[in-house]
Amino acid sequence: MSARWLLLVLALLLPGAWANLAGYDFTDAAEERRFKALIAELRCLVCQNQSLGDSDAGLAEDLRREVFDLMREGRDDREVIDYLVARYGDFVLYRPPLKPATYLLWFGPIALFALAVWFAVRTVRNQRASAARAPLSEAEQQRIARLLSEESPPPGGPASGEAPR
């Protein structure tokens with residue numbers, strides 16, 4: 001019973017996933033799985049945060065059609081991906097290759113995290129250093145004792161907030 005509810009919820013929440021494949025005539029289930037896997041690996045160039053399979057943009061539909069046509073021509077997955085990369089660049093891939101042009105993409109988040117950790121450690125150390133001041137000298141301690149031992153203003157005087165009479 002719970003599996004039926006799960007399928008019903010998924011069918012209601014993901015209507016776009018069913019609509020994207022409506023215009024394609026697959027020869028078998030293996031071809032459909034291959035197509036879905038390919039379009040899941042490729043980024044929509046318009047949406048940028050969705051795969052070709054998830055996007056409803058016109059360009060995404062054109063690229064899905066292009067992938068389908070390339071598959072029908074007999075090209076393997078690598079050839080289809082290489083064709084799209086040659087045409088649109090590494091940005092079309094969700095997992096771009098590690099090369100000098102993509103170093104910032106791969107290592108940028110790690111570098112920013114390391115910089116944030118370094119800054120946090122430095123800030124905490126500076127705060128601790130400023131909190132741990134050097135002890136007072138003998139002369140400073142005597143001066144404080146003298147100031148504290150001096151007679152304070154009488155009760156009810158100007159220091160207590162009452163006006164003098």
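The values are calculated or read from the model by the stated rules, or taken from the named source; none is laboratory data. Given the structure is predicted, the values throughout are model-derived calculations rather than measurements. Remember, those area values only see protein heavy atoms, side chains included, never the ligands or the DNA or RNA. Shrake-Rupley method; radii C 1.70, N 1.55, O 1.52, S 1.80 Å.
Amide H to amide H distances under 5 Å link SER51 with CYS44, where only residues 5 or more positions off or on other chains count and H is placed in the peptide plane.
Shape analysis of the range 37-99 places it in the oblate category; the axes a ≥ b ≥ c from the Cα gyration tensor give an a/c of at least 1.5, with a/b not above b/c. Only protein heavy atoms count here; under a 1.4 Å probe, TYR83 has an accessible surface of about 70 Å².
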